[in-house]
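Below you'll find the structure, written out as structure tokens, and then a few comments.
The values are calculated or read from the model by the stated rules, or taken from the named source; none is laboratory data. Computed from a predicted model, the values in this text were never measured in an experiment. Virtual Cβ from ideal backbone geometry, glycine too; neighbours counted across all protein chains shown.
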């Protein structure tokens with residue numbers, strides 16, 4: 001099965017040492033790390049080379065590699081002053097990739113919604129929004145190229161980049177130099193797609209799977225409160241389908257746990273490993289078979 005890792009956000013408030021120890025006990029071997037997160041290691045100097053070296057040593061001593069960095073911010077923040085401030089900060093973080101020993105840094109695309117980066121709005125679907133996003137991503141992936149890195153763009157159904165079809169359009173427009181994506185089908189599952197998950201997820205893998213060096217582990221849930229992506233097992237996604245597609249098409253990509261609390265991580269790992277066990281070649285999965 002895919003190597004398993006975790007988002008540093010899972011352990012918000014923990015020290016790097018405690019985080020690494022707990023994750024190693026769960027058999028996790030990869031981390032997607034936010035350089036800005038407080039880790040009780042020189043937190044007053046988040047971008048210091050000395051801090052980066054100390055953090056790397058802490059995780060590597062527990063057999064945990066840095067799969068990528070988390071640079072999540074609303075690229076489409078409607079407040080242009082704040083948008084530029086965050087873009088400049090993200091560029092600083094892109095520059096850190098080599099020091100952390102990774103080529104990859106991920107971000108979402110965001111929304112033009114006036115108060116919530118995770119809500120949709122009519123402006124998100126405009127050609128102007130798309131062209132703004134293309135220009136911003138081109139700027140950031142250019143910065144990544146200068147550092148020998150790759151910007152990983154993560155879409156979401158309520159964001160300007162709302163589908164893997166759009167992600168493919170972006171790739172066709174800008175090229176693959178310094179640009180790739182996160183395999184996170186949960187972000188892209190519409191209510192209609194949930195009724196035909198095997199077909200929907202297979203299409204996502206077909207469209208962008210070849211450009212996804214990292215995959216995410218969570219779930220998808222539509223309720224009276226709208227759309228959310230909770231921890232593994234807390235939603236409506238068919239993990240047997242996802243595990244089968246990862247096994248068949250992206251077996252070497254690290255699978256990163258997110259949206260879980262530390263006390264939930266062990267159960268999430270159990271569910272993930274169970275899904276992979278069912279996804280062994282020749283076993284039936286929901287909606288079809290693994291060849």
What are the residues in segment 239-255 that are crowded, with 18+ Cβ neighbours inside 10 Å and either closer than 24 Å to residue 104 by Cα or touching a strand residue (DSSP E or B) at 6+ places or on another chain (Cβ under 6 Å) (or both), if any? 240, 241, 242, 243, 244, 245, 246, 247, 250, 253, 254, 255
Looking at this structure, is residue 107 under 17 Å from the mean Cα position of the chain (by Cα), closer than 20 Å to residue 46 by Cα and surrounded by 22 or more Cβ atoms within 10 Å (Cβ to Cβ)? yes
Residue 213: closer than 18 Å to residue 256 by Cα and touching a helix residue (DSSP H, G or I) at 6+ places or on another chain (Cβ under 6 Å), yes or no? no
Going through segment 70-111 one residue at a time, which ones are in a helix (DSSP H, G or I) and either modelled with pLDDT under 95 or closer than 14 Å to residue 33 by Cα (or both)? 90, 93, 94, 96, 97, 98, 99, 100
Out of all the residues in segment 146-167, which are touching a strand residue (DSSP E or B) at 6+ places or on another chain (Cβ under 9 Å) and within 26 Å of residue 219 (Cβ to Cβ)? 151, 152, 153, 154, 155, 156, 157, 158, 159, 161, 164, 167
Complete set of residues in segment 232-267 that are touching a helix residue (DSSP H, G or I) at 6+ places or on another chain (Cβ under 9 Å), closer than 14 Å to residue 219 by Cα and assigned to a helix (DSSP H, G or I): 239, 240, 241, 242, 243, 264, 265
Checking residue 236 against (1) buried (at least 18 other Cβ atoms within 10 Å of the Cβ); (2) at pLDDT 95 or above; (3) more than 27 Å from residue 22 (Cβ to Cβ), only one condition comes out false. Which one? (1)
Residue 132, sole failed condition from (1) more than 28 Å from residue 30 (Cβ to Cβ); (2) assigned to a loop (DSSP other than H, G, I, E, B): (2)
